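K.L.:
Quick one: this structure, given as structure tokens, is what I'll be asking you about.
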Amino acid sequence: MLVRRASDIKSSEITDDKLYLNRRAFLAGAAALALAPSRAAAAAPPSGQPLKAARNPGFAVEDPPTKFESVATYNNFYEFGVNKDDPARLAHTLRPRPWTVEVGGHVLRPKTYDIDELIRLFPLEERVYRLRCVEGWSMVIPWIGFPLASLIKRVEPTSQAKFVEFTTLLDPEQFPGQRKGLFSFSGLDWPYVEGLRLDEALHPLTLLTVGLYGQVLPNQNGAPVRVVVPWKYGFKSAKSIVRIRFVGEQPKTAWEKAAPQEYGFYSNVNPTVDHPRWSQATERRIGEFRRRKTLPFNGYADQVASLYTGMDLRKFY
Ligand code: MTE
């Protein structure tokens with residue numbers, strides 16, 4: 001997702017994605033490509049503290065889950081660097097306790113929650129969701145969390161609340177990628193900010209997430225709390241959240257600020273709207289070789305398409 005100016009991009013890079021992959025598969029051999037994520041598994045971090053939650057069968061896709069090792073070692077978390085293995089390698093610098101989440105803005109009951117208090121407030125459940133990254137890969141992950149809607153109802157948004165803004169921790173001491181320097185360059189303005197329309201945030205699929213695979217969220221996956229919005233590209237799922245704010249105007253998100261022509265506010269998974277630099281029609285499920293067709297709304301159209309009735313999703317990408 002690195003942001004580069006158009007003038008920095010060689011013309012050979014623009015639509016040659018498929019060709020590049022074919023050539024690479026030919027040269028390196030199909031097996032090497034398929035094995036790439038499991039190679040990363042060699043550096044897999046040890047399992048974390050166990051976290052129990054019963055699976056909610058109404059929110060569990062049947063696709064087989066991606067291996068834990070891949071989920072915990074193939075990450076996008078630019079606060080740790082721009083390479084997929086940077087987060088697992090460097091995330092030990094993040095301190096997920098003590099941690100607070102400030103919930104405020106247009107609500108009747110603003111409150112700064114201690115993370116452990118927040119986790120105890122609502123019953124945790126396990127949900128198996130697909131996650132589709134805008135870069136063209138996907139995973140299936142058994143998350144543990146509770147519906148964001150439960151928290152929203154508790155703080156009682158006023159009629160002025162139209163959007164919800166999520167902010168990640170800003171601390172260059174814990175996040176090397178937030179330090180100024182060539183190697184951390186991501187093109188993003190810190191802190192990482194994401195947002196949802198209030199009805200999207202209230203949707204039963206939207207999960208405030210504190211664990212995965214039966215354990216507390218590994219740092220590299222956004223400890224101690226992140227949001228997961230399965231019908232949108234992965235970057236909407238902000239990690240290591242310290243603030244949730246209810247606002248009247250559409251928030252300016254980190255990716256929109258960095259490259260508005262590439263990353264819109266809605267970012268619903270949409271195989272018919274290409275990213276300006278590559279197609280979104282197919283994806284590679286991590287651990288598989290053959291590319292799959294990307295489904296509208298990442299396969300959640302039955303549940304969420306009605307949120308966008310009458311909207312031109314080419315315009316509101
Ligand atoms: N949140 C923050 N704060 N910083 C990031 O760089 N990357 C996003 C999203 N949340 C990101 C973030 C992107 S691009 C993706 S695909 C998902 O996190 C990846 O989540 P995972 O590493 O748990 O699979």
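K.L.:
What are the residues in the stretch 168-184 that are open to solvent by less than 10 Å² (accessible area, probe 1.4 Å) and touching a Pro at 6+ places or on another chain (Cβ under 8 Å), if any?
P.N.:
Of everything in the stretch 168-184, just one residue is open to solvent by less than 10 Å² (accessible area, probe 1.4 Å) and touching a Pro at 6+ places or on another chain (Cβ under 8 Å), namely Thr168.
K.L.:
Does the stretch 126-134 contain any residue that is more than 23 Å from Asn268 (Cβ to Cβ), more than 16 Å from the ligand (Cβ to nearest atom) and at pLDDT 95 or above?
P.N.:
no
K.L.:
Right, here's the next one. Considering only the stretch 277-313, state which residues are among the charged types (D, E, K, R) and not in a loop (DSSP other than H, G, I, E, B).
P.N.:
Glu283, Arg284, Arg285, Arg292, Lys293, Asp302
K.L.:
When the stretch 133-169 is examined, which residues are found to be part of a loop (DSSP other than H, G, I, E, B) and more than 30 Å from Thr66 (Cα to Cα)?
P.N.:
Matches in the stretch 133-169: Glu156, Thr158, Ser159, Gln160, Ala161, Lys162.
K.L.:
Considering the stretch 62-102 alone, what residues qualify as being assigned to a loop (DSSP other than H, G, I, E, B) and within 10 Å of the ligand (Cβ to nearest atom)?
P.N.:
Within the stretch 62-102, Thr66, Tyr74, Asn75, Asn76, Phe77, Gly81, Val82, Lys84 meet the criteria.
K.L.:
Of all residues in the stretch 223-276, which are within 14 Å of Pro191 (Cβ to Cβ) and out of contact with any strand residue (DSSP E or B) (no Cβ under 9 Å at 6 or more places or on another chain)?
P.N.:
Ala258
K.L.:
Do the conditions hold for Asn268, that is, is it open to solvent by 10 Å² or more (accessible area, probe 1.4 Å), closer than 25 Å to Lys52 by Cα and of a type outside the set (D, E, K, R)?
P.N.:
no
K.L.:
Of the residues that sit in the stretch 217-235 and are part of a helix (DSSP H, G or I) and within 8 Å of the ligand (Cβ to nearest atom), which one is farthest from Ile144 (Cα to Cα)?
P.N.:
Phe235
K.L.:
Sticking with this structure for a sec: Against the definition (closer than 19 Å to Ser150 by Cβ, within 12 Å of the ligand (Cβ to nearest atom), under 15 Å from the mean Cα position of the chain (by Cα) and assigned to a loop (DSSP other than H, G, I, E, B)), how does Ala238 come out, yes or no?
P.N.:
Yes; evaluated as a whole, the condition is true for this residue.
K.L.:
If I go through the stretch 182-198 residue by residue, how many of them are touching a Leu at 6+ places or on another chain (Cβ under 6 Å) and under 23 Å from Gln303 (Cα atoms)?
P.N.:
0
K.L.:
Condition (residue is of a type in the set (A, V, I, L, M, F, W, C) and on the phi > 0 side of the Ramachandran plot) applied to the stretch 279-292: is it met by at least one residue?
P.N.:
no
K.L.:
Looking at the stretch 185-216, which of the residues that are without any contact (Cβ under 8 Å) to a residue 60 or more places away in the chain and open to solvent by less than 10 Å² (accessible area, probe 1.4 Å) is farthest from the ligand (Cβ to nearest atom)?
P.N.:
Here the answer is Ala201.
The values are calculated or read from the model by the stated rules, or taken from the named source; none is laboratory data. The model shown is predicted, which means the values in this text are computed figures rather than measured ones. As a convention, Cβ positions derive from the backbone with ideal geometry for all residues, glycine included, and neighbour counts pool all protein chains shown. When the accessible area is computed, the model is the full protein with side chains, heavy atoms only, and any ligands, DNA or RNA have been set aside. Shrake-Rupley method; radii C 1.70, N 1.55, O 1.52, S 1.80 Å.
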